[in-house]
Amino acid sequence: MNAVSPFAFDSPDQAIQALAQQITATDIENVDFGSSLASLRSVHRRILAEPILADRDSPAADVSAMDGYAICKSDLPLDGVIEVTGESIPGSPPPSRSETGIIRIFTGAIVPEGCDRVIQREHTEELAGTSADHSNSMGQIRWTERARSIPSGSNIRRQGENLTAGSVAIPAGLELTSPRLAALTNFGVQRLKVHRPVRVAVLTTGDELASASSENEPPLPPWKIRNSNASALVGLLANQPWIDCVSPIHAVDEPSVLRASVLQAIEHHDVVLMTGGVSMGDYDYVPRILQEVGAEIVFHKLPLRPGKPILGAIHSSPTGSTLILGLPGNPVSATMGARRFAMPLIRKFAGIRDWAERPPHVTIQEIGEKTLPLHWMRGVRMIQPGVAELVLGKGSGDLATLALTDGFIEMPPDANHPGPWPYFAW
Ligand code: AMP
Ligand code: MG
């Protein structure tokens, strides 16, 4: 904390860290999906709560990486025609090596005992009588010059070279993406532990918000606005199987109503995202009510634009802690604030090991002269890889311009050079 600063924290990252310290991952659920692919889908993109161990070596034996001939060194000096005496085919045990010939092998098949290399088909001359002609002969080959230079060990995937039995295949805290589902199947996993999805409530406030109107209702009077914040926040939270976000709640600016909504949201959720009512106006009841319900206000106001009045609080109860983010009602502040502050903290609740944001950086084409003594989140549009342009709006109420952005950058106080700056995509 800076002694002369009016703010509890000097930067968004510090404020996020302070809240994160009070967050633990959600409970653990057991999922038993058997061997059916359809039920494997139930864990797709969920967050693994225990490490997955390899049940056997990968590969389980020395296998061929190519179609060709499995041989040992003494086969190579042979001149002239060599008999093929057996085949090693994927899905079958390997034949044994014969003194009188060599073994044809296919990709993935087991390398027979005593062989130390596989010579690719294309480095041999294959003579009539290959397996395709249905005669009893397995064919003959002749070495090319290239074949004789293939060293020992070539084209063999060694038993356990990917992973040995008992070692960690997938660490806890990772999202079960498609390659990880493949690893689960490869190692015979049929049940596992995942974190319960994070329950997130969106609680908007304000008397100016119109209730969802049906087509038959009269046009909206100009003193009413539509609840765009609810849509922006639901959009951020949607399509993550590790987030459970039910319908947004709305409370009018009336302390008893707000208090009841806050209490209800806290009771049933891990995270409560509020918009509006967090500034210094006469109808801004959020800070007071959060204090009344026993939440610990970790910060209120940060050196940030837009969204300076942002509030972060933790409500602790015997059943766990709830994170409460009070975002200013202005649409640009609410949307950027939710993206910047809520998303990493929700990832921490979800049990994601690397929950902290590691944003890519972009350079800004024309940054302009203007500076601010605040961390400045500025809407941008990507124009080529690593390069973005500013999308200049009319302030924190201008959601029309925000809709034209791909994300925003964040510049530290007093900066005015083109970056590269951290980029937060929508
Ligand atoms: P407040 O932070 O409550 O003072 O709200 C600031 C401004 O944000 C209001 O005057 C509204 O114009 C706007 N606003 C508040 N809540 C919403 C919302 N849910 N959706 C869209 N705009 C909102
Ligand atoms: Mg308000």
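The values are calculated or read from the model by the stated rules, or taken from the named source; none is laboratory data. Keep in mind that this is a model prediction, so the values were computed, not measured. Ideal geometry is used to build each Cβ from the backbone, glycine not excepted, and the neighbour counts take in all protein chains shown. Note: areas computed on protein heavy atoms with side chains; ligands, DNA, RNA excluded. Shrake-Rupley method; radii C 1.70, N 1.55, O 1.52, S 1.80 Å.
Directionally averaged projected area (the range 361-425, Cα convex hull): 3.9 nm².
According to the Kirkwood relation over distinct C-alpha pairs, the hydrodynamic radius of the range 63-157 is 12.9 Å. In a fully extended conformation the segment linking THR185 and GLU296 would gain 35.5 nm over its present Cα-Cα distance, using 0.36 nm per residue.
Segment ALA425..ALA61, full-extension length gain: 126.6 nm, with 0.36 nm per residue of separation and the alpha-carbon distance subtracted. Calculated accessible area for the range 1-108 comes out at 53 Å² per residue, all protein chains present (probe 1.4 Å; ligands, DNA, RNA ignored). Under the simplified labelling scheme, the VAL234-GLN264 pair shows an inter-label distance of 1.6 nm, with each label point 7 Å from Cα along Cα→Cβ. In the range 63-157, taking the dipole from charged Cβ atoms about the Cα centre, the farthest positive-side position among VAL81, TRP143, ALA70 is held by ALA70.
Listed values for the range 342-347 are Karplus-derived 3J(HN,Hα) couplings in whole Hz (6.51 cos²θ - 1.76 cosθ + 1.60, θ = phi - 60°), namely 6, 4, x, 6, 5, 4, and x replaces Gly and Pro. Annotation: lysines with alpha-carbon distance below 23 angstrom to LYS394 (same-chain offsets under eight excluded): LYS224, LYS301, LYS308, LYS370. What does a probe at LYS224 reach in the range 249-267, counting residues whose amide N is under 17 Å from the point 7 Å along Cα→Cβ? 250-253, by backbone N distance to the label point.
Nearest 10 degrees is fine. How inclined is helix 228-237 to the longest principal axis of the chain, computing both from alpha carbons? So the inclination is approximately 30 degrees.
Beta carbons within 10 angstrom, averaged per residue: use that to sort the peptides 120-126, 402-408, highest first. If you can, show how the numbers build up before the last one.
Details: 120-126: 15.7, 402-408: 18.1.
The packing order, highest mean first, is 402-408, 120-126.
Under 5 Å between amide hydrogens, built in the peptide plane, is the criterion, and for GLU29 it picks out VAL194, HIS195, ARG196 among residues at least 5 positions away or on other chains. The charge dipole of the range 361-425, taken about its Cα centre with unit charges on the Cβ atoms of Lys, Arg (+1), Asp and Glu (-1) only, comes to about 100 debye.
In a fully extended conformation the segment linking PHE106 and GLU217 would gain 32.8 nm over its present Cα-Cα distance, using 0.36 nm per residue. Placing a pseudo-label 7 Å from each Cα along the Cα-to-Cβ vector at LEU372 and GLU113 gives an inter-label distance of 7.5 nm.
Take the solvent-accessible surface of the protein heavy atoms, probe 1.4 Å, and return the percent of it on the chain that carbon and sulfur atoms account for. Working shown, then result.
Working: 10890 of 21030 Å².
Reported share for carbon and sulfur atoms: 52 percent.
Using just its DSSP H runs of length 4 or more, each adding -39500 (n - 2.57), the chain gives a mean residue ellipticity at 222 nm of -4500 deg cm²/dmol after division by all residues. Given +1 at the Cβ of Lys and Arg, -1 at the Cβ of Asp and Glu and no other charges, the dipole of the range 63-157 around its Cα centre is 280 debye to the nearest 20.
What is the dipole size for the range 233-295, taken about its Cα centre, with +1 at each Lys and Arg Cβ and -1 at each Asp and Glu Cβ, in debye to the nearest 20? Write down the numbers at each step before the final one.
Numbers: 2 positive and 8 negative charges, 14 e Å.
Charge dipole, the range 233-295, about its Cα centre: 60 debye, nearest 20.
Between the amide H of ARG226 and those of ALA210, distances stay under 5 Å, these residues lying 5 or more places away or on another chain, with hydrogens modeled in the peptide plane.
Evaluate E = 1/(1 + (r/R0)^6) for THR363 and ALA400, where r is the Cβ-Cβ distance and R0 equals 30 Å; express this FRET efficiency to the nearest 0.05. Walk me through the numbers before you get to the answer.
Working: r = 26 Å, r/R0 = 0.87.
After rounding to 0.05, the efficiency reads 0.70.
May I ask for the Kirkwood hydrodynamic radius of the chain, worked out over all distinct Cα pairs and given in angstroms to one decimal?
Values: mean 1/r = 0.0380 Å⁻¹.
Roughly 26.3 Å, rounded to one decimal.
Per-residue 3J(HN,Hα) values for the range 64-78, derived from phi via the Karplus relation 6.51 cos²θ - 1.76 cosθ + 1.60 with θ = phi - 60°, read 7, 9, 9, 7, x, 10, 8, 9, 10, 3, 5, 7, 6, x, 4 Hz in sequence order (x marks Gly and Pro). Taking 7 Å steps out from each Cα toward its Cβ at HIS417 and ARG146 produces label points 5.2 nm apart. Computed from backbone phi, the HN-Hα couplings of the range 285-293 come to 8, 4, x, 4, 5, 4, 5, 4, 7 Hz, rounded to whole numbers (Karplus: 6.51 cos²θ - 1.76 cosθ + 1.60, θ = phi - 60°; Gly and Pro given as x). The alpha-carbon atoms of the range 180-263 define a convex hull whose volume equals 138 cubic angstrom per residue. Once backbone amide H atoms are built at 1.01 Å from N, MET66 has GLY108 as its partners under 5 Å, excluding neighbours fewer than 5 places away on the same chain.
Looking at the chain, send over the antiparallel percent of its DSSP beta bridges, to the nearest 5. Walk me through the numbers on the way to the answer.
Details: 50 of 76 bridges.
DSSP beta bridges in the chain are roughly 65 percent antiparallel.
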